[in-house]
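For reference, the structure discussed in these notes is given below.
All of the numbers you see were taken from the coordinates with simple rules; none came from a lab. The structure displayed is predicted, hence computed values, not measured ones. Ideal geometry is used to build each Cβ from the backbone, glycine not excepted, and the neighbour counts take in all protein chains shown.
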Amino acid sequence: MTVTASEAKAPFLGLTGGRLVFWITVACATDMALFGYDQGVFSGVVVTDDFLHLHGLVGPSKTTLIGTVSSIYAVGCFLGAIVAFTVGERLGRRKAVMLGTAVMAVGALLQAASYGLPQMVAGRIISGLGNGINTATAPVWQTETAPAKWRGKLVLAGIWLNIAGFSLVNWINYGLSFAGGSVAWRFPLAFQLLFIFVLGATTPWLPESPRWLLARGRKREALLVLGCLEARPEQDPALLALAREIEYGIRYEREHAASWRRLVLGRGKAAAGTKPLRRLLLGAGTQFMHQMGGVNIMSYYLPTVFIASVGLSNSAARLLVACNSISYLVFSFLAVALVERWGRRGLMMASTLGQCLCFLVITILLRLGAQHPEATGLPKSAIPFFFLYYMVFGIGMGGVPWLYPTEINSLPMRTKGAAVATCTNWITNFAVVEITPLGIQTLGWRFWIVWTVTNAVFLPIIYFVYPETANRSLEDVDEYYRSDPPIVVTGDAEAVSVKRPGRFVDRERAEIAQSQRRDAMSVTELGCPKE
């Protein structure tokens, strides 16, 4: 009799298939919602009088210090990504998320209970440390446990909840702006603990990544997890074929492994194997473009932008920011529907073009407003383009840069690749958040030229060098790079096709057929008892 994984020991609360994937998605999406919440919470805090007076941040001379207190969170996130890079691969995906969640709880408590600038800075760094671990790990965990046909949608659903967290905190900030006193900023900072509770209640009983388990030689556990995720018997031919394919990818990558020094210099077998350095740079590049496209000018400072650049009142600025978060949330949901249909390349290109045009119009309108101060309506006419920026950002560059590094990197490089991409995100995040208050104050409308140019530069880079990863298994991407493809992808129909190339489909069918012809010896080789 064939016994399914769930029937044998009923692990993971007896959940299998879509129900088990759903709960992994709940954990990963809660982590991303907390990330989004954290991105937006300080935009309301830094325009709250009680917070500014208590922490000695009042006056124009404190502008740079406000930028540092805001951006120091990104330094913590950067350090957390390094922890994920160095320790996370040994811990595994699930335990790394548990570690990051515990660290974030400490940081949230320190911030919410702060009575001085040193305590607030410490809380920001510690929260960032935990968030850096989680944001480098959760997308990888989701990617390695999701079926290929759902992978893009599930990861982007997590990003959508990231934006939901961002929207939620903007409405909390707006509502509490009428409360006055310390509750207006302490409650939003303490509310992070709700997300942390959900992570603590779900992550401990969920499965580890089967790909990580196979990479550690833990075949029986990996087959148990795969069986539960796929809702198949552990001896199912398709399941065994998938396990062999993953193991082959692991062996191939290890045979072509090289030190970081040789990777960077492009020497040794790695350069002729699966192109790990190129893939690492492509993944990190999406996060660089994500940040340098200008989003965190608004995420951290949009109320400040509306007050200082557009001329709105504090209350009106907070209300518009909250309304903007709703339109951002609605349009980002389109990415979930379009990510497999348009592909990663198509969404990134459409989004980047829209961002460039929005910043161009904002620059022109703010310049005209500066030249004609009597025409107060000119700066205000830029407001719809801030809204439009978030709409087009949400469709593409909001989510794809978190998905792409987990797909483009090979299994042995996936944690490292995601961590390097996340490090890139946070170090550029720090730079953007640090310079924005001073840039707005000293450059005025000229500050927006920078972001118009960066987006204009990114568009041809995406078009010429980024291959498509939609509708492909993670092993398909490995096989593509084993064929030694050129850097410029536009001449390769297979590299830019949204549909899964036929040769990958044929290979998968052949592997399943071969698995069906194998005898019980093949099962024994994978560490399973014979029926």
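Each peptide in 210-218, 55-63 gets a packing score, the mean of other Cβ atoms within 10 Å over its residues, and the list from highest to lowest is 210-218, 55-63. So, in Å, what gap is there between the alpha-carbon centers of the range 361-431 and the range 141-165? Cα centres, the range 361-431 to the range 141-165: 20 Å. Roughly what angle does helix 192-202 make with the longest principal axis of the chain, taking Cα atoms, 0 to 90 degrees, to the nearest 10? Helix 192-202 and the main axis of the chain meet at about 10 degrees. A helix-only calculation puts the chain at -24500 deg cm²/dmol for mean residue ellipticity at 222 nm, using -39500 (n - 2.57) for each DSSP H run of at least four residues, averaged over all residues.
Here the contact order of the range 5-504, divided by its residue count and restricted to Cα pairs under 8 Å and six or more residues apart, works out to 23 percent. Kindly flag which residue pairs out of K219/K499; K275/K416; K95/K219 have an alpha-carbon separation exceeding 23 Å in this structure. Beyond 23 Å: K219/K499.
Calculate the FRET efficiency for I364 and F178 from the Cβ-Cβ distance with a Förster distance of 35 Å, rounded to the nearest 0.05. Approximately 0.50, to the nearest 0.05.
Between the beta carbons of V58 and F387, assuming R0 = 25 Å, the FRET efficiency works out to 0.25 to the nearest 0.05.
Here the extension length gained between T442 and A316 equals 43.0 nm, from 0.36 nm per residue of separation less the Cα-Cα distance. Remark: the W205-R341 segment gains 45.6 nm on full extension, using 0.36 nm per residue and subtracting the alpha carbon distance. Between K380 and A456, the FRET efficiency from the beta-carbon distance, with R0 = 30 Å, is close to 0.70. Put simply, when 472-481, 17-26, 92-101 are sorted by average Cβ atoms within 10 angstrom per residue, most first, you get 92-101, 472-481, 17-26. A simple charge model with +1 on the Cβ of Lys and Arg, -1 on the Cβ of Asp and Glu and nothing else charged puts the dipole of the range 5-504 at about 780 debye relative to its Cα centre.
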